[in-house]
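Peer 1: Sharing a structure below in structure tokens format, with a few things to ask.
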Amino acid sequence: MFRYFVFLMILCSTNSTNAQIDRIEPPNWWVGFKNDKLQLLVKGDAISGAVPSISYKGVTIEKVSTANSPNYLFIDLKISSSAKPGTVTIGFKPKRGKRFNIQYELKPRLESGEGYIGFDSSDVIYLITPDRFANGDPANDLNKKLNEKTINRNDDYARHGGDIQGIIQHLDYIDEMGFTAIWSSPLLTNDMPSGSYHGYAMTDFYQVDPRFGTMKDYIMLAEKSKEKGIKLIMDQVANHCGLEHWWMKDLPFDDWINFQEKFESKQKKSYSSHRRTANQDIYASTIDKKELTDGWFVDTMPDLNQRNPFMATYITQNSIWWVETLGLGGIRQDTYPYPDKDFMSQWAGAIMKEYPNFTIVGEEWSYNPLLIGYWQEGANNKDGYASNLRSTMDFAMQSNTVIALNEKESWDKGLIRLYEGLANDFHYANPKDIMVFPDNHDMDRIFTQLKEDITNTKMALAIYLTMPRIPQLYYGTEVLMQNTSKPGDHGLIRTDFPGGWQADTINAFTGEGLSADQKNMKVYLKKILNYRKSSKAIHIGKTVHFVPKNGVYVLARMVDNEKVVLILNKNETPVNLQLDRFEELGLKGKIMTNIINDSKIKWTSNLSLPAKGAYILSSK
């Protein structure tokens, strides 16, 4: 059943002196939350002078607050456990004119908060830039009401036309490849005059961008994904909005955004220092902390002030609204270290209180495990900070893997980077809950990072998919997409997926027109992903690894009767691997299956490795 979006109905008299309501947010709510509080943002001309009232069993007004702008009213409601789903009439009596009513819907929850299961180490996440994946509905490519009015697939920074329907139409492909979760970059309205395709400068936190589709489409994506056992992860941004956000023309409070006085007086912007260590640095100055958290990310992204309690409530309620509306399987929070960190703890805590089995991953772009670990729930932080964040992003192991494979082997270079990188897991509260990835929408493609070496790319994917982590792969990795001609170019990194447009001569979905190497990579990745789906050893098993020797690294994952052994061999010539060193794995005499080619070997005293590459052996 679709979780249909219900538009706000405004019932008012025709008296011209009545206040006019433009919007109420959240646009609806639900009964049955643990937190019985709800704060409504009411926007309308001179609405601050109106007195609201409610007569609905179980719902009461606890507080009414005005803002600096006369065009806002904030209504704090209490929704008791006895409240039933239905339509709440909220009456408004303006200072002048007649009383008028609006109808506000309280919905029943379709499942308990405990039923929202987040992504975990049993999943592999497929990251999609929707504008560049597939154009399922060309009719929505252009929208004359929005600022960016063109589409041009020859321009890497223009809109290309991909949309929600394009993802829906290829759910079978995603499922058959072996992915179990989808993270799409933001799908909400980004009404910026240029570069709107990426979605990170949102201009309405409750509206689907019409060039991506409708609310009904987004709900359909969630429901059809769920039918296939695929979790939907929403990309959210608590740090900033887009410069064209509707409230930027009439900010409710004097401190709604950071450095607001500079914005309103058209002074030069104050930008973030991006020195994220100020969050943990015991010597950090007050000004360093302020410049990190309060500075704008870029010119077009006003920095939201989460220390304003109304803004804090707005962001938290918005996240919960989307979890409930779409039945989400996770949230990815952008630029995690940039907002006020105390707020971020409260935000994550509020969500996890309602959805205790949910997962939120925060983007901390750091290669330092100390910083990555700081943000994870359960971290033993000396400052006492508790993030309530289940997952963080492992840029450290992403980088270690690339360096390990690109370097020549020596005492302190090459595969030892993997060994020593994973040795840092003692610092993490829960290593298997951390997200690792070959690349993402902000980084060079993994094939480019590995100098278009196919064998090294396969080896990288093998370790990312078997180490104790939650793996995420970017769309197109399976067909060796690259940006080698322009390293670091975001537009090219986010290039179109072949076959996503009707006129494409190459179709990566069907395989038509792909090179032999691309087809081979698809088969390779599909084999690993589909084995991984049911591998408890990889999901939750004990990890044992061995110091790399002679260009060979061995890592094992084990649980009950299932043992999975990854062997990475960097030697260009055949190697005869002596197995006595790995006796503790308890594999002697076992028949092992190579999950890539289904060949069988008996684990005896030695193992022939005929070529450079990754060997994944299973006892199942």
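Okay, residues lined up against (1) open to solvent by less than 30 Å² (accessible area, probe 1.4 Å); (2) in a loop (DSSP other than H, G, I, E, B); (3) closer than 30 Å to L40 by Cβ:
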{"position": "V88", "(1), (2), (3)": "yes, no, yes"}
{"position": "G91", "(1), (2), (3)": "yes, no, yes"}
{"position": "K98", "(1), (2), (3)": "no, yes, yes"}
{"position": "Q103", "(1), (2), (3)": "no, no, yes"}
{"position": "L106", "(1), (2), (3)": "yes, no, yes"}
{"position": "E111", "(1), (2), (3)": "no, yes, yes"}
{"position": "F119", "(1), (2), (3)": "yes, yes, no"}
{"position": "S122", "(1), (2), (3)": "no, yes, no"}
{"position": "G136", "(1), (2), (3)": "yes, yes, no"}
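Peer 1: Quick one: which of T457, T510, T484, T505 is in a loop (DSSP other than H, G, I, E, B), closer than 19 Å to M177 by Cβ and over 22 Å from the mean Cα position of the chain (by Cα)?
Peer 2: T510
Peer 1: Of the conditions (1) of a type in the set (A, V, I, L, M, F, W, C); (2) open to solvent by 10 Å² or more (accessible area, probe 1.4 Å); (3) under 17 Å from D453 (Cβ atoms); (4) in contact with a Ser or Thr (Cβ under 8 Å, 6 or more places away or on another chain), L422 clears all except one; give me its number.
Peer 2: It fails just one condition, (3).
Peer 1: Sticking with this structure for a sec: Would you confirm whether any residue within region 279-288 is touching a residue at least 12 places away in the same chain (Cβ under 8 Å), open to solvent by less than 20 Å² (accessible area, probe 1.4 Å) and either acidic (D, E) or in a loop (DSSP other than H, G, I, E, B) (or both)?
Peer 2: no
Peer 1: From S196, S184, grab the single residue that is surrounded by 23 or more Cβ atoms within 10 Å (Cβ to Cβ), out of contact with any helix residue (DSSP H, G or I) (no Cβ under 8 Å at 6 or more places or on another chain) and not hydrophobic (A, V, I, L, M, F, W, C).
Peer 2: Only one candidate passes the filter, namely S196.
Peer 1: What residue, among those in region 590-614 that are within 14 Å of K458 (Cβ to Cβ) and open to solvent by 40 Å² or more (accessible area, probe 1.4 Å), is nearest to the chain's Cα centre (by Cα)?
Peer 2: The extreme case among them is I596.
Peer 1: Out of (1) under 23 Å from L422 (Cα atoms); (2) open to solvent by less than 20 Å² (accessible area, probe 1.4 Å), what's the single condition that is false for E377?
Peer 2: (2)
Peer 1: I need the full set of residues from region 39-57 which are open to solvent by 20 Å² or more (accessible area, probe 1.4 Å), in contact with a Leu (Cβ under 9 Å, 6 or more places away or on another chain) and within 22 Å of I79 (Cα to Cα), in order please.
Peer 2: Correct list: Q39, K43, I54, Y56.
Peer 1: Among the small types (G, A, S) and either more than 22 Å from Y116 (Cβ to Cβ) or buried (at least 22 other Cβ atoms within 10 Å of the Cβ) (or both): is that true of A386 in this structure?
Peer 2: Judged against the criteria, A386 is not a match.
Peer 1: Taking the options R275, R307, name whichever one is farther than 23 Å from Y72 by Cβ, surrounded by fewer than 17 Cβ atoms within 10 Å (Cβ to Cβ) and touching a helix residue (DSSP H, G or I) at 6+ places or on another chain (Cβ under 8 Å).
Peer 2: After applying the criteria, what remains is R275.
Peer 1: Here are some residues: L529, L525, L587, L579. Which one is over 28 Å from the mean Cα position of the chain (by Cα) and either buried (at least 20 other Cβ atoms within 10 Å of the Cβ) or on the phi > 0 side of the Ramachandran plot (or both)?
Peer 2: Matching residue, one of L529, L525, L587, L579: L587.
Here's the yes/no breakdown for (1) part of a strand (DSSP E or B); (2) within 22 Å of W411 (Cβ to Cβ); (3) among the aliphatic types (A, V, I, L, M); (4) free of Cβ contacts under 8 Å to residues at least 24 places away in the same chain:
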{"residue": "K526", "(1), (2), (3), (4)": "no, no, no, no"}
{"residue": "I538", "(1), (2), (3), (4)": "no, no, yes, no"}
{"residue": "V565", "(1), (2), (3), (4)": "yes, no, yes, no"}
{"residue": "L568", "(1), (2), (3), (4)": "yes, yes, yes, no"}
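Peer 1: Another question about this same structure. Would you mind telling me which numbered condition in (1) polar (S, T, N, Q); (2) over 28 Å from N430 (Cα atoms); (3) touching a Gly at 6+ places or on another chain (Cβ under 7 Å) N530 fails?
Peer 2: Every listed condition holds for N530 apart from (2).
Peer 1: Only one of these conditions is not met by I75: (1) open to solvent by less than 30 Å² (accessible area, probe 1.4 Å); (2) within 28 Å of M311 (Cα to Cα); (3) outside any loop (DSSP other than H, G, I, E, B); (4) touching a residue at least 40 places away in the same chain (Cβ under 8 Å). Which number is it?
Peer 2: I75 satisfies every listed condition except (4).
Peer 1: Further, regarding this structure: I need the full set of residues from region 108-151 which are farther than 20 Å from I164 by Cβ and acidic (D, E), in order please.
Peer 2: E111, E114, D120, D123
The values are calculated or read from the model by the stated rules, or taken from the named source; none is laboratory data. The structure presented is a predicted model; accordingly, all values stated were derived computationally and were not measured. Ideal geometry is used to build each Cβ from the backbone, glycine not excepted, and the neighbour counts take in all protein chains shown. With ligands, DNA and RNA removed, areas are computed over all heavy atoms of the protein, side chains included. Shrake-Rupley method; radii C 1.70, N 1.55, O 1.52, S 1.80 Å.
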